[in-house]
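Chemist: Structure below; questions to follow.
The values are calculated or read from the model by the stated rules, or taken from the named source; none is laboratory data. All of these numbers come straight from a predicted model, not from anything done at the bench. With ideal geometry, Cβ positions are generated from the backbone for all residues, glycine too; neighbour counts draw on all protein chains shown.
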Amino acid sequence: MPIKLVFLGRLEDLAGAAERAVDAAASLDDVLAGLEPELASALRGERIKLAVNGHVVAASAVSLADGDELAFLPPVSGG
Amino acid sequence: MACDVRLLEAPFDPAAELAAFTARQAEAGGIASFLGQVRSGGGVEALERRHYAPLTLPGMAALAASALARWELQGVLIIHRSGEMLPAEPIVLVAAAARHRRDAFAAAEFAMDHLKGESWFWKREKVAGAWSWIEPRTVDFEDLKRWA
(Lines give C-alpha, C1' and ligand atoms only; values in the text may rest on other atoms or scores of the structure.)
Protein backbone atom coordinates (compact mmCIF):
# COMPACT_ATOMS: atom_id res chain seq x y z
CA MET A 1 0.00 0.00 0.00
CA PRO A 2 1.20 3.50 -0.71
CA ILE A 3 1.80 6.17 1.88
CA LYS A 4 -0.55 9.12 1.89
CA LEU A 5 1.06 12.54 2.16
CA VAL A 6 -1.06 15.46 3.35
CA PHE A 7 0.02 19.05 2.71
CA LEU A 8 -1.49 21.78 4.86
CA GLY A 9 -1.59 25.52 4.27
CA ARG A 10 0.78 26.97 1.70
CA LEU A 11 2.42 23.56 1.26
CA GLU A 12 -0.68 22.52 -0.67
CA ASP A 13 0.09 25.13 -3.33
CA LEU A 14 3.71 23.99 -3.55
CA ALA A 15 2.71 20.35 -3.88
CA GLY A 16 -0.06 21.15 -6.35
CA ALA A 17 -2.62 19.16 -4.32
CA ALA A 18 -3.73 18.69 -0.73
CA GLU A 19 -2.84 15.00 -0.81
CA ARG A 20 -0.55 12.69 -2.71
CA ALA A 21 0.01 8.96 -2.63
CA VAL A 22 3.64 7.83 -2.81
CA ASP A 23 5.34 4.45 -2.80
CA ALA A 24 5.87 2.83 0.55
CA ALA A 25 8.88 4.25 2.37
CA ALA A 26 10.26 3.75 5.86
CA SER A 27 11.72 7.11 6.74
CA LEU A 28 11.15 10.79 6.08
CA ASP A 29 14.31 10.91 3.98
CA ASP A 30 13.02 8.08 1.79
CA VAL A 31 9.75 9.93 1.23
CA LEU A 32 11.42 13.25 0.46
CA ALA A 33 13.93 11.65 -1.92
CA GLY A 34 11.08 10.77 -4.24
CA LEU A 35 9.63 14.30 -4.40
CA GLU A 36 10.48 17.34 -6.48
CA PRO A 37 13.59 19.00 -4.98
CA GLU A 38 11.84 22.33 -4.38
CA LEU A 39 8.97 20.66 -2.56
CA ALA A 40 11.29 18.39 -0.56
CA SER A 41 13.33 21.41 0.51
CA ALA A 42 10.21 23.24 1.72
CA LEU A 43 9.02 20.17 3.62
CA ARG A 44 12.35 20.00 5.44
CA GLY A 45 11.89 23.56 6.75
CA GLU A 46 12.57 23.81 10.46
CA ARG A 47 9.16 25.36 11.09
CA ILE A 48 7.33 22.46 9.42
CA LYS A 49 5.87 20.02 11.92
CA LEU A 50 4.98 16.44 11.09
CA ALA A 51 2.18 14.10 12.05
CA VAL A 52 1.99 10.38 11.38
CA ASN A 53 -1.56 8.99 11.47
CA GLY A 54 -2.76 12.08 13.33
CA HIS A 55 -0.02 12.19 15.97
CA VAL A 56 2.63 14.90 15.95
CA VAL A 57 6.14 13.44 15.86
CA ALA A 58 9.69 14.77 15.52
CA ALA A 59 11.23 14.46 12.05
CA SER A 60 13.87 12.09 13.41
CA ALA A 61 11.15 9.86 14.88
CA VAL A 62 9.18 9.38 11.68
CA SER A 63 8.85 5.66 11.06
CA LEU A 64 6.42 4.68 8.35
CA ALA A 65 4.53 1.53 7.47
CA ASP A 66 2.33 0.71 4.51
CA GLY A 67 -0.86 2.74 4.44
CA ASP A 68 0.35 5.39 6.89
CA GLU A 69 -0.68 9.03 6.58
CA LEU A 70 2.13 11.57 6.87
CA ALA A 71 1.02 15.20 7.25
CA PHE A 72 3.23 18.26 6.80
CA LEU A 73 2.09 21.14 9.02
CA PRO A 74 3.42 24.66 8.44
CA PRO A 75 3.07 27.38 11.11
CA VAL A 76 -0.55 27.77 12.15
CA SER A 77 -2.84 30.80 11.99
CA GLY A 78 -6.10 30.26 13.81
CA GLY A 79 -8.43 32.44 15.84
CA MET B 1 -21.61 19.81 30.24
CA ALA B 2 -18.63 21.89 31.37
CA CYS B 3 -16.91 21.97 27.96
CA ASP B 4 -18.67 22.71 24.70
CA VAL B 5 -16.11 22.57 21.89
CA ARG B 6 -17.08 22.54 18.24
CA LEU B 7 -15.49 22.89 14.83
CA LEU B 8 -18.11 24.10 12.36
CA GLU B 9 -18.11 24.01 8.57
CA ALA B 10 -21.12 26.33 8.25
CA PRO B 11 -21.96 29.82 9.60
CA PHE B 12 -23.20 30.07 13.18
CA ASP B 13 -25.16 32.62 15.22
CA PRO B 14 -22.88 33.84 18.04
CA ALA B 15 -25.73 35.52 19.97
CA ALA B 16 -27.79 32.33 20.01
CA GLU B 17 -24.76 30.25 20.98
CA LEU B 18 -23.86 32.59 23.82
CA ALA B 19 -27.46 32.63 25.06
CA ALA B 20 -27.58 28.82 25.05
CA PHE B 21 -24.24 28.60 26.86
CA THR B 22 -25.33 31.19 29.45
CA ALA B 23 -28.56 29.32 30.10
CA ARG B 24 -26.48 26.33 31.27
CA GLN B 25 -24.35 28.40 33.67
CA ALA B 26 -26.74 29.26 36.49
CA GLU B 27 -23.97 28.91 39.10
CA ALA B 28 -21.62 31.33 37.37
CA GLY B 29 -21.31 34.89 38.60
CA GLY B 30 -19.93 36.07 35.30
CA ILE B 31 -19.34 35.02 31.71
CA ALA B 32 -16.58 36.54 29.59
CA SER B 33 -16.75 36.05 25.86
CA PHE B 34 -14.81 36.94 22.74
CA LEU B 35 -16.11 36.94 19.18
CA GLY B 36 -13.69 37.04 16.27
CA GLN B 37 -15.07 37.94 12.87
CA VAL B 38 -13.80 38.47 9.33
CA ARG B 39 -12.58 42.04 9.00
CA SER B 40 -14.03 44.16 6.22
CA GLY B 41 -11.72 46.31 4.12
CA GLY B 42 -8.31 45.91 2.55
CA GLY B 43 -9.94 44.48 -0.54
CA VAL B 44 -10.50 41.14 1.18
CA GLU B 45 -13.37 39.33 -0.53
CA ALA B 46 -13.30 36.14 1.50
CA LEU B 47 -11.26 34.35 4.10
CA GLU B 48 -10.74 30.63 4.48
CA ARG B 49 -9.68 28.59 7.46
CA ARG B 50 -8.45 25.08 6.77
CA HIS B 51 -8.03 22.44 9.42
CA TYR B 52 -6.58 18.94 9.71
CA ALA B 53 -9.27 16.69 11.15
CA PRO B 54 -7.05 14.28 13.12
CA LEU B 55 -5.49 17.17 15.07
CA THR B 56 -7.69 20.26 15.09
CA LEU B 57 -10.75 19.34 17.13
CA PRO B 58 -8.81 17.14 19.59
CA GLY B 59 -6.43 20.08 20.11
CA MET B 60 -9.35 22.44 20.78
CA ALA B 61 -10.80 19.99 23.31
CA ALA B 62 -7.44 19.72 25.07
CA LEU B 63 -7.27 23.53 25.20
CA ALA B 64 -10.70 23.75 26.85
CA ALA B 65 -9.67 21.07 29.34
CA SER B 66 -6.48 22.92 30.25
CA ALA B 67 -8.46 26.15 30.84
CA LEU B 68 -10.82 24.22 33.13
CA ALA B 69 -7.87 22.80 35.03
CA ARG B 70 -6.16 26.17 35.40
CA TRP B 71 -9.02 28.38 36.61
CA GLU B 72 -12.13 27.85 38.66
CA LEU B 73 -14.67 27.67 35.88
CA GLN B 74 -18.22 26.49 35.57
CA GLY B 75 -17.98 26.07 31.83
CA VAL B 76 -16.00 26.76 28.66
CA LEU B 77 -17.34 27.31 25.15
CA ILE B 78 -15.11 27.21 22.08
CA ILE B 79 -16.62 27.37 18.60
CA HIS B 80 -14.32 27.77 15.59
CA ARG B 81 -15.23 27.91 11.93
CA SER B 82 -13.51 26.07 9.16
CA GLY B 83 -14.09 26.71 5.46
CA GLU B 84 -14.78 29.89 3.52
CA MET B 85 -16.16 32.99 5.24
CA LEU B 86 -17.24 36.43 4.06
CA PRO B 87 -16.46 39.80 5.70
CA ALA B 88 -18.38 40.28 8.99
CA GLU B 89 -19.01 36.53 9.36
CA PRO B 90 -18.05 35.09 12.74
CA ILE B 91 -14.88 32.99 12.86
CA VAL B 92 -14.52 32.10 16.51
CA LEU B 93 -16.52 32.39 19.71
CA VAL B 94 -14.96 31.73 23.08
CA ALA B 95 -16.75 32.03 26.42
CA ALA B 96 -15.76 31.18 29.99
CA ALA B 97 -18.18 31.05 32.89
CA ALA B 98 -16.88 31.43 36.44
CA ARG B 99 -18.00 32.31 39.93
CA HIS B 100 -15.71 35.34 39.78
CA ARG B 101 -14.96 37.58 36.84
CA ARG B 102 -11.15 37.43 36.84
CA ASP B 103 -11.16 33.69 36.22
CA ALA B 104 -13.64 34.18 33.36
CA PHE B 105 -11.63 36.99 31.72
CA ALA B 106 -8.33 35.14 32.07
CA ALA B 107 -9.65 31.83 30.78
CA ALA B 108 -11.27 33.44 27.72
CA GLU B 109 -8.06 35.27 26.86
CA PHE B 110 -5.96 32.15 27.46
CA ALA B 111 -8.20 30.21 25.07
CA MET B 112 -8.01 32.92 22.39
CA ASP B 113 -4.22 33.27 22.62
CA HIS B 114 -3.82 29.53 22.20
CA LEU B 115 -6.33 29.33 19.35
CA LYS B 116 -4.36 32.06 17.55
CA GLY B 117 -0.91 30.78 18.29
CA GLU B 118 -1.02 27.01 18.37
CA SER B 119 -4.30 25.53 17.22
CA TRP B 120 -4.23 23.57 13.98
CA PHE B 121 -5.67 26.07 11.52
CA TRP B 122 -4.29 27.60 8.36
CA LYS B 123 -5.62 30.81 6.87
CA ARG B 124 -5.80 32.22 3.39
CA GLU B 125 -7.60 35.21 1.99
CA LYS B 126 -8.99 36.19 -1.37
CA VAL B 127 -8.08 39.62 -2.73
CA ALA B 128 -9.05 40.65 -6.27
CA GLY B 129 -10.09 37.09 -7.00
CA ALA B 130 -6.76 35.52 -6.00
CA TRP B 131 -6.19 33.39 -2.89
CA SER B 132 -3.01 33.70 -0.84
CA TRP B 133 -1.89 32.03 2.39
CA ILE B 134 -1.42 34.20 5.44
CA GLU B 135 1.67 33.58 7.53
CA PRO B 136 1.21 33.78 11.29
CA ARG B 137 2.22 36.99 13.00
CA THR B 138 5.11 36.98 15.46
CA VAL B 139 2.91 38.72 18.01
CA ASP B 140 0.64 35.67 18.12
CA PHE B 141 3.55 33.62 19.46
CA GLU B 142 4.62 36.41 21.83
CA ASP B 143 1.08 36.41 23.25
CA LEU B 144 1.46 32.75 24.16
CA LYS B 145 4.56 33.26 26.29
CA ARG B 146 2.80 34.96 29.15
CA TRP B 147 0.80 31.80 29.85
CA ALA B 148 3.90 29.62 30.11
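Chemist: Taking B:Arg124, is it over 16 Å from the mean Cα position of the chain (by Cα), crowded, with 18+ Cβ neighbours inside 10 Å and either within 22 Å of B:Leu7 (Cα to Cα) or modelled with pLDDT of 95 or more (or both)?
Modeler: Numbers: over 16 Å from the mean Cα position of the chain (by Cα): yes; crowded, with 18+ Cβ neighbours inside 10 Å: yes; either within 22 Å of B:Leu7 (Cα to Cα) or modelled with pLDDT of 95 or more (or both): yes.
In short, yes.
Chemist: In region A:1-30, what residues are farther than 30 Å from B:Glu125 by Cα, crowded, with 16+ Cβ neighbours inside 10 Å and either within 14 Å of another protein chain (Cβ to nearest Cβ) or of a type outside the set (Val, Ile, Thr) (or both)?
Modeler: Once the filter is applied, which keeps residues that are farther than 30 Å from B:Glu125 by Cα, crowded, with 16+ Cβ neighbours inside 10 Å and either within 14 Å of another protein chain (Cβ to nearest Cβ) or of a type outside the set (Val, Ile, Thr) (or both), region A:1-30 yields A:Ala25, A:Leu28.
Chemist: Then there's this: Search region A:33-74 for residues being acidic (Asp, Glu) and more than 15 Å from A:Phe7 (Cβ to Cβ), and hand back the single one that is nearest to the chain's Cα centre (by Cα). So that I can check it myself, show each step before the final result.
Modeler: Step one: list which residues in region A:33-74 are acidic (Asp, Glu), which gives A:36, A:38, A:46, A:66, A:68-69.
The next check asks that each one be more than 15 Å from A:Phe7 (Cβ to Cβ); those that pass are A:46, A:66, A:68.
Numbers: A:Glu46: 13, A:Asp66: 15, A:Asp68: 11 Å.
Among those residues, the one meeting the criterion is A:Asp68.
Chemist: Hey, can you tell me all the residues within region B:21-68 that are assigned to a helix (DSSP H, G or I), among the aliphatic types (A, V, I, L, M) and in contact (Cβ under 8 Å) with a residue 24 or more places away in the chain? Walk me through how you get there before you give the answer.
Modeler: Going residue by residue through region B:21-68, those that are assigned to a helix (DSSP H, G or I) are B:21-23, B:56-68.
Imposing the further condition that a residue be among the aliphatic types (A, V, I, L, M) reduces the set to B:23, B:57, B:60-65, B:67-68.
If the condition is that a residue be assigned to a helix (DSSP H, G or I), among the aliphatic types (A, V, I, L, M) and in contact (Cβ under 8 Å) with a residue 24 or more places away in the chain, then B:Leu57, B:Met60, B:Ala61, B:Leu63, B:Ala64, B:Ala65, B:Ala67, B:Leu68 are the ones that fit.
Chemist: Which of the residues that make up region B:69-117 are surrounded by fewer than 18 Cβ atoms within 10 Å (Cβ to Cβ), in contact (Cβ under 8 Å) with a residue 40 or more places away in the chain, in a helix (DSSP H, G or I) and not charged (D, E, K, R)?
Modeler: B:Phe105
Chemist: Could you grab me the full set of residues in region B:1-11 that are more than 13 Å from the chain's Cα centre (by Cα) and of a type outside the set (Gly, Ala, Ser)?
Modeler: Just the residues of region B:1-11 that are more than 13 Å from the chain's Cα centre (by Cα), to begin with: B:1-3, B:9-11.
Across region B:1-11, the qualifying residues are B:Met1, B:Cys3, B:Glu9, B:Pro11.
Chemist: Determine if region A:61-78 includes at least one residue that is surrounded by 12 or more Cβ atoms within 10 Å (Cβ to Cβ), in contact with a Lys or Arg (Cβ under 8 Å, 6 or more places away or on another chain) and among the polar types (S, T, N, Q).
Modeler: yes
Chemist: A further question on this structure: For region A:50-79, which residues satisfy the criterion of being charged (D, E, K, R) and either more than 14 Å from chain B (Cβ to nearest Cβ) or closer than 30 Å to B:Val38 by Cα (or both)? So that I can check it myself, show each step before the final result.
Modeler: Going residue by residue through region A:50-79, those that are charged (D, E, K, R) are A:66, A:68-69.
Selection gives A:Asp66 alone.
Chemist: Let me ask you something else. Could you grab me the full set of residues in region B:91-115 that are within 14 Å of chain A (Cβ to nearest Cβ) and more than 12 Å from B:Arg49 (Cα to Cα)? Break it down stepwise before answering.
Modeler: Kept after step one, since they are within 14 Å of chain A (Cβ to nearest Cβ), are these residues of region B:91-115: B:91-94, B:108-115.
Across region B:91-115, the qualifying residues are B:Leu93, B:Val94, B:Ala108, B:Glu109, B:Phe110, B:Ala111, B:Met112, B:Asp113, B:His114, B:Leu115.
Chemist: Name the residues in region B:73-84 that are within 13 Å of chain A (Cβ to nearest Cβ) and of a type outside the set (Val, Ile, Thr), would you?
Modeler: If we filter region B:73-84 for residues that are within 13 Å of chain A (Cβ to nearest Cβ), which is where we start, we get B:78-82.
Once the filter is applied, which keeps residues that are within 13 Å of chain A (Cβ to nearest Cβ) and of a type outside the set (Val, Ile, Thr), region B:73-84 yields B:His80, B:Arg81, B:Ser82.
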